[in-house]
1. For Kirkwood radius over Cα pairs in Å, several values are listed as (i) 20.4; (ii) 18.2; (iii) 17.8; flag the one computed from this structure.
2. Using helices alone, I'd like the mean residue ellipticity at 222 nm for the chain: each DSSP H run of four-plus residues gives -39500 (n - 2.57), total over residue count, nearest 500.
3. At a 1.4 Å probe radius, carbon and sulfur cover how many percent of the accessible area of segment 1-92?
4. Compute the distance from the alpha-carbon center of segment 111-177 to that of segment 60-101, in whole Å.
5. What is the dipole size for the chain, taken about its Cα centre, with +1 at each Lys and Arg Cβ and -1 at each Asp and Glu Cβ, in debye to the nearest 20?
6. Once you charge only the Cβ atoms, +1 for Lys and Arg and -1 for Asp and Glu, what is the size of the charge dipole of segment 1-88 about its Cα centre, to the nearest 20 debye?
7. Looking at the chain, do any whole DSSP H helices span at least 20 angstrom along their long axis by alpha carbon and average -0.5 or above on Kyte-Doolittle, and which?
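The values are calculated or read from the model by the stated rules, or taken from the named source; none is laboratory data. Just so we're clear, the structure is a prediction, and the values are computed from it rather than from any experiment. Note that each Cβ is placed from the backbone with ideal geometry, even for glycine, and that neighbours are counted across all protein chains shown. The protein model used for the area step is the full one, side chains on, heavy atoms only, and it has no ligands, DNA or RNA in it. Shrake-Rupley method; radii C 1.70, N 1.55, O 1.52, S 1.80 Å.
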Amino acid sequence: MLKVEDYEWYTLMEIEQEGDDDLQSQILYLRQQEMQSWGTNRLQRHILLEHHQCSLVELDKILTQSVLLHTSTSLFPEQEVVLYPQFAERVATKSFICDVSGAIISKGSYYICYQAFFDNLTNGRRYVLKRPLISELGSEHFFPTTISEMDDLDEHLKTAYEYPFVSEYDYYDIARRIGEGVPIRQLGISHSSRQKIKKR
């Protein structure tokens, strides 16, 4: 028999198997109340939906790990941000300079075009890189795939002039091409969205 005071430790399956309907209802109510206070943004609601069978103790661990993984330290300090990286392999229609190595990407050569979409769950705004970054093939691992990695890149670029970072990449040289920090811009409201707002 389950105990009301231990409701946080029970999985949904264990609760549903409880034979005492009154006890089951109490535990489900307490569980639901706590879960409602946790789903403060889309990512958290998605995690709660995906792992709804887990105990509240396990759900709390999963949510804590998610918050740590998606909390920005440099670009958006203390804000929860989901990064969506986009990689595209293209053929150069003219010569470019590789943002990573500084080498020439000749016309007709294949190269990587990297763009990143930032979904800031804390302030509800969205951002992208000011311009896509380009590199020779084989440099894909340089580009960030999480906000934590993007923050690291931002810090390396900001401090490249004062505190050279020992790495396979020359961040001082990269900062000369990209800038002192990761250049981003906020996405505005589209024209169609503005029209809808005006009609209300």
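1. Matching entry in (i) 20.4; (ii) 18.2; (iii) 17.8: (i).
2. Details: 7 runs with 77 residues, N = 200.
The helix contribution divided over the chain gives -11500 deg cm²/dmol.
3. Numbers: 3050 of 5830 Å².
Of the solvent-accessible surface of segment 1-92, carbon and sulfur hold 52 percent.
4. 7
5. Details: 21 positive and 30 negative charges, 442 e Å.
Its charge dipole is roughly 2120 debye.
6. On the way: 5 positive and 15 negative charges, 124 e Å.
So the magnitude is around 600 debye.
7. Working: long enough: 21-38 (26 Å, -1.03); 56-70 (21 Å, 0.85).
Membrane-span-like by this criterion, though nothing is claimed about a membrane: 56-70.
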